[in-house]
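Student: Below you'll find the structure I mean.
Every read-out reported here was derived from the displayed coordinates using simple, explicitly stated rules and does not represent laboratory data. Not measured: the values here are computed from a predicted model. As a convention, Cβ positions derive from the backbone with ideal geometry for all residues, glycine included, and neighbour counts pool all protein chains shown.
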Amino acid sequence: MKKAFLAGMVAALVSGQAAAQSWVLTDAEQGVEQGNWQVSSEQLKLSGARFSLEQKVLHGGKQEGSKVLTLTSPDGLTIALSPSRGMDLLQVNGHGVRLGWDSPVNEVVNPAYINLESRNGLGWLEGFNEMMVRCGFEWTGHPVTKDGMIYTLHGKAGNTPASKVEVVVDDQAPHEIRIRGLLKENTFKKANLETWTELRYVPGSDSFTVHDVLTNHADYPHDYQIIYHSNFGTPILEKDARFIAPLKSVSPFNDYAKKGLEGWNTYSAPTKDFDEMVFNLVPKADSNGKTVAAVINSKGDKGAAIEFDTRQLPLLTLWKNTDTLKQGYVTGIEPGTNYAYPVTIEKEQGRVKQLQPGQSTEFVLTYSLLKDADAVQKVEARVKQIQGDERVAVDEKPIAVE
């Protein structure tokens, strides 16, 4: 009876907000697992923009047992995320535009089939195909071995199945939908970090918000890092596509990136043997600490934008991987607390943050699909407004050497 109640509870008050209907799809503590599940605005008899939610359990290959939860709004966006893979976003589609990319990894790989320490700490790449993957939270960045411990590529959050998953739909218009997931990075003697992830979406909208709250439940202080690795390919990424953001400075990640510094904010067509180029950026924000970064196609009529708070995520990484289409033609816009150097370097240079016992911190990002020239122009205008007359400082020397 208790499981049935948790799975079907409705008309609940959620966090003091307006009356809402909610469903628990997963609860490790209570032994609840809904598996295949669906609900729609028609079933709920809600007016306004139509929507549906469906969770599927996948079968076959390395995706055996993985779950995909898809939110579909016919007048807005279709958003697919995976509770099995850190509540990360697989892809977003709307108005004939896709936010996401084509990875050689074409399954939603169950973390049970991934050894993060393989390939000298690069095992993370064996599941990497998301539109947005959380890199962190215990550490992030390139792999490194320190005092006998392998700090694997980009941490563990993206390969951590959610211990609890909830779906909440507001009863009152515009019927905001919230998909919440609890990620636990708990290791005896090492860490007790827990993150409540939340996707917020209003049906019919071209934007959605990611709101994460990270808490240190240990009795001791603990370091943390986070990079929101947000990835875009075709049809937005193409020859002469552009990256825009108001910036204080830009520098190459390494000596290889120095070769592309002159055209660091524009893209080439798919190019065989193009190794990845990474640039370290310091974003400029408005008086409220808010900023925006975007990638725009060559015609200026399609794009993707990310708004974030520099008081929470003070740094920005631009990843350019314009290799062949089959190899993975993709760019990453990556707001974070730090850059992608190994955690040892980030700590030496003072970019690793720390939570005290019981302390929490939050991260809020709003993603927008830019469906036409008007939407693109509005973002361009905001970038120009924040940038003002300040010139971007270009430093040809990498700030660190791996």
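Student: Hey, any idea what the orientation-averaged projected area of the convex hull of region 302-389's Cα atoms comes to, in nm²? Present the calculation step by step, with values, prior to reporting the outcome.
Tutor: Values: hull surface 35.6 nm².
Mean orientational projected area (region 302-389, Cα hull): 8.9 nm².
Student: Additional query: Tabulate in residue order the Karplus-calculated ³J(HN,Hα) for region 267-282, using 6.51 cos²θ - 1.76 cosθ + 1.60 with θ = phi - 60°, rounded to whole Hz; enter x for Gly and Pro.
Tutor: Result, ordered by residue: 10, 9, 5, x, 10, 5, 6, 7, 7, 5, 10, 10, 10, 8, 10, 10 Hz.
Student: Show that you can apply the helix-only estimate: for the chain, add -39,500 (n - 2.57) for every DSSP H stretch of four or more residues, divide by all residues, and state [θ] at 222 nm to the nearest 500. Numbers along the way, then the final one.
Tutor: Working: 7 runs with 44 residues, N = 402.
After summing the helix terms and dividing by the residues of the chain, the value is -2500 deg cm²/dmol.
Student: How many percent of Cα pairs in region 73-131 exceed 20 Å?
Tutor: On the way: 555 of 1711 pairs.
I get 32 percent for the Cα pairs in region 73-131 exceeding 20 Å.
Student: In the calculated pair distance distribution of region 248-402, what percentage of Cα-Cα distances lie above 22 Å? Don't skip to the answer; put the middle values down first.
Tutor: Details: 5640 of 11935 pairs.
Roughly 47 percent, rounded to a whole number.
Student: Which residue, Met131, Met149, Met87, tops the fluctuation ranking in a GNM of the chain built on C-alpha contacts under 10 Å?
Tutor: With Cα springs under 10 Å in the chain, the top fluctuation among Met131, Met149, Met87 is at Met149.
Student: Right, another one. Select from Pro335, Pro104, Pro252 the residue whose mean-square fluctuation is largest in a Gaussian network model of the chain (Cα-Cα springs shorter than 10 Å).
Tutor: Pro104
Student: Suppose we keep just the alpha-carbon trace of region 170-288; what are its Rg and Dmax in angstrom?
Tutor: Rg and Dmax of region 170-288, Cα atoms, are 19.8, 55 Å.
Student: How big is region 216-283 on each of its three principal axes, counting only the C-alpha atoms and giving the largest first in Å?
Tutor: On the principal axes, region 216-283 reaches 51, 28, 26 Å in Cα extent.
Student: Can you sort Lys378, Lys347 from fewest to most other Cβ atoms within 10 Å of each residue's own Cβ?
Tutor: Numbers: Lys378 13, Lys347 16.
Least to most surrounded, the residues fall as Lys378, Lys347.
Student: Hey, another quick one. What is the ratio of the Cα radius of gyration of the chain to 2.2 N^0.38 Å, where N is its residue count, to two decimals?
Tutor: On the way: Rg = 20.6 Å, N = 402, 2.2 N^0.38 = 21.5 Å.
Cα-based Rg divided by the globular estimate yields 0.96.
Student: Something else now. Please list, in order along region 223-230, the HN-Hα scalar couplings obtained from phi with the Karplus expression 6.51 cos²θ - 1.76 cosθ + 1.60 (θ = phi - 60°), rounded to whole Hz, x for Gly and Pro.
Tutor: Rounded to whole hertz, the list is 5, 8, 9, 8, 10, 8, 6, 10.
Student: Summarise the long-distance tail of P(r) for region 113-189 by giving the % of C-alpha pairs beyond 14 Å.
Tutor: Working: 1998 of 2926 pairs.
For region 113-189, the share of Cα pairs beyond 14 Å comes to 68 percent.
Student: Name the most mobile residue of Leu81, Leu90, Leu261, meaning the one with the largest mean-square fluctuation, in a Gaussian network model of the chain with Cα contacts below 10 Å.
Tutor: Leu261
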